[in-house]
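The values are calculated or read from the model by the stated rules, or taken from the named source; none is laboratory data. From a predicted model like this one, the values you see are computed outputs, not experimental measurements. All Cβ positions, even for glycine, are placed from backbone atoms using ideal geometry, and neighbour counts span all protein chains on display.
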Amino acid sequence: MYAIVKTGGKQYRVEEGQTLLVERLPVEEGAKFALEPLLYRGDDEILDGADELKKVKVEAKVVEHTRGPKLRIVKFKPKRGYKRRTGHRQDLTRIEIVKIGKAAARKPAAAPAAKTADAEPAAAAAGEGNDGA
């Protein structure tokens, strides 16, 4: 069972127990959060439609916030005396995939009929006193 999720503008193929290094997320260390699934592959089914993916839940936990390796950028133009050297370190987050699965089907809660019946006469009574003058 695996899923393809989207985070930080990139897509990753994930399985339960896997750790990933993704772009920095605004979540505290040790906190759990949900990732956006783009595809889900179960034991005997593949879900990729928007309505089907609403039932899929990919839960991850932040292991640590870290920084990537230093990248050195050099600009140089010969015979002009132009040299520039800069660097960059990307902020990253290491996450662990805790759970991948379909969420339990939830039935919408039915509103009590008594409350809706009381609201209609009250609205009609409020409209009777107003003649529009």
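Could you please give the count of residues in the stretch 1-48 that are within 17 Å of ARG67 (Cα to Cα) and in a loop (DSSP other than H, G, I, E, B)? Selection size over the stretch 1-48: 7.
Taking residues in the stretch 16-44 that are on the phi < 0 side of the Ramachandran plot, and partners anywhere that are among the hydroxyl-bearing types (Ser, Thr, Tyr) and in a strand (DSSP E or B), the pairs with Cβ atoms closer than 6 Å and at least 6 places apart or on different chains are LEU20/TYR12; VAL22/THR7; VAL22/THR93; ARG24/THR93; LEU25/THR93; LEU35/THR7; ARG41/TYR2.
Output the strands (runs of 3 or more DSSP E) that fall wholly within the stretch 58-133 and possess 1 or more residues being at pLDDT 95 or above and surrounded by fewer than 10 Cβ atoms within 10 Å (Cβ to Cβ), or say none.
Values: elements: 71-77, 82-88, 91-102.
It comes to 71-77, 82-88.
Taken together, the residues in the stretch 74-94 that are closer than 30 Å to VAL27 by Cβ and either in contact with a Lys or Arg (Cβ under 6 Å, 6 or more places away or on another chain) or not charged (D, E, K, R) (or both) amount to 8.
Of the listed requirements (1) acidic (Asp, Glu); (2) within 20 Å of GLY9 (Cβ to Cβ); (3) at pLDDT 95 or above, GLU29 misses just one: (2).
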